[in-house]
1. Only loop residues by DSSP count here, and only those with at most 16 other Cβ atoms within 10 Å; note down the trypsin sites (Lys or Arg not before Pro) in the range A:69-173 that meet that.
2. Could you check what % of the DSSP bridge pairs in the protein assembly as shown are antiparallel, to the nearest 5?
3. Out of all DSSP beta bridges with both ends in the range A:80-152, state the antiparallel percent to the nearest 5.
4. Can you give the mean number of other chain Cβ atoms that lie within 10 Å of the Cβ atoms in peptide A:167-173?
5. For a footprinting-style exposure proxy, rank A:Thr216, A:Thr201, A:Thr140, A:Thr76 by other Cβ within 10 Å, fewest first.
6. So between A:Leu146 and A:Glu88, what do we pick up on full extension, going 0.36 nm a residue minus the alpha carbon distance?
7. Find the percent of Cα-Cα distances in the range A:6-247 that exceed 25 Å, and round it to a whole number.
8. Within the range B:49-83, which chymotrypsin sites (Phe, Trp or Tyr not before Pro) sit in a loop by DSSP and count at most 13 neighbouring Cβ atoms inside 10 Å?
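Laboratory data are not the source of any read-out in this text; all were calculated from the coordinates shown. Keep in mind that what you see is a predicted model, and the values were worked out from it rather than measured. Every residue, glycine among them, receives a Cβ derived from its backbone with ideal geometry; neighbour counts consider all protein chains shown.
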Amino acid sequence: MTSTKRFVVIGAGGIGTWLIAGLARMLEWKLPGSALIIVDGDNYEEKNKERQDFVKLGNKASVKANELTPQFPSTTIIPVPKWVVSDEDTGVSAGDDAPRIKASQLIREDDVVFAVVDNFAARKILFDAASKLNNIDVFTGGNDDLLFGSVYHYQKKDGIEVTEHPVSFHPEYENPPDKNPGELSCQERSKLEGGTQLLATNMAVASFILGRVHKTIVLGQSPDETEIYFDLGLGKAEPYNRKVSQVSQPVMI
Amino acid sequence: MDQSSNQQQPAAGNGMANVRFGVYNQPGNIAGKSVKDAREQFSRLWGIPQDAVAYKGKDKLDENYVIQPGDNVEFHRRAGEKG
């Protein structure tokens, strides 16, 4: 187990801020010397305070990095105040100079990536880039309105997929029903709504992801509970084993 | 041997198979029934959408597929989107 891994969090919003709060502490004490890279092109606004953890207005990546750096001296915290886009992105509208970074330039071998954005389109971009690498862990999570949420862990080792690419079970990753904000114009981005999400569900997604990180990265155990669905209203959580060795069963018709 | 800690394996040979949808997971006496029949039986309890694709492993199942003893049939639940 190396203690100098890069942990790349894409999205410092409703889930991301709580995830980052826990991850910074986990890295500082369990994996000192690691790098925590926070990526987000968006800004904190007053209206975000209901569900998001921040102390200043401004670019999300920069605000969080400035806030956490003095607290966690054994962790190198790096802000990337940019939107993540696909390799094919060429910019969408003249005059929109929002900073962008291609996913393939952002993530690299041996990274642990967290796709905690608010749309499937950006998740697909990150999974597509990750699947071209030989050694990578990608955790993603999201919630619907109210109390339902899910998390997924994609892992690849030595060029072999340990867990299935989520597109195997989720057509929404193949044909996203939404758009990546990083590939929209400023005007289009300003019209996006966060929906009616709940703080508790955002925090639960972050907590489930942290639990998976502790088991599979800190302790180095097998990602058997690859995907977890939960419903806070029902008080239920259900793990699914998406390991390649587990799901490859022939169908007899 | 793969050690699966979370995939319930219903006893084969007694008509039992497993049906899953999101947080729901229930063994039932549904071997011999079609996917369509299983959907109708469980959709009332769990709210499975009519267009939710059924999977066994990562293979998509036809509506007329006859569920076998020991099968794990999973109806697709869309992942959480927002964050």
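1. Details: sites: A:Lys82, A:Arg100, A:Lys102, A:Arg108, A:Arg123, A:Lys124, A:Lys132, A:Lys156, A:Lys157; in loops: A:Lys82, A:Arg108, A:Lys132.
Taking the range A:69-173 and a limit of 16 other Cβ atoms within 10 Å, the loop trypsin sites (Lys or Arg not before Pro) found are A:Arg108, A:Lys132.
2. Of those bridges, close to 60 percent are antiparallel.
3. Working: 4 of 11 bridges.
Antiparallel bridges make up about 35 percent of those DSSP assigns within the range A:80-152.
4. 4
5. Ascending Cβ contact count within 10 Å gives the list A:Thr76, A:Thr216, A:Thr201, A:Thr140.
6. On the way: separation 58, 0.36 × 58 = 20.88 nm, distance 3.46 nm.
Length difference between fully extended and current span is 17.4 nm.
7. 38
8. Hits after loop and neighbour filter: nothing returned.
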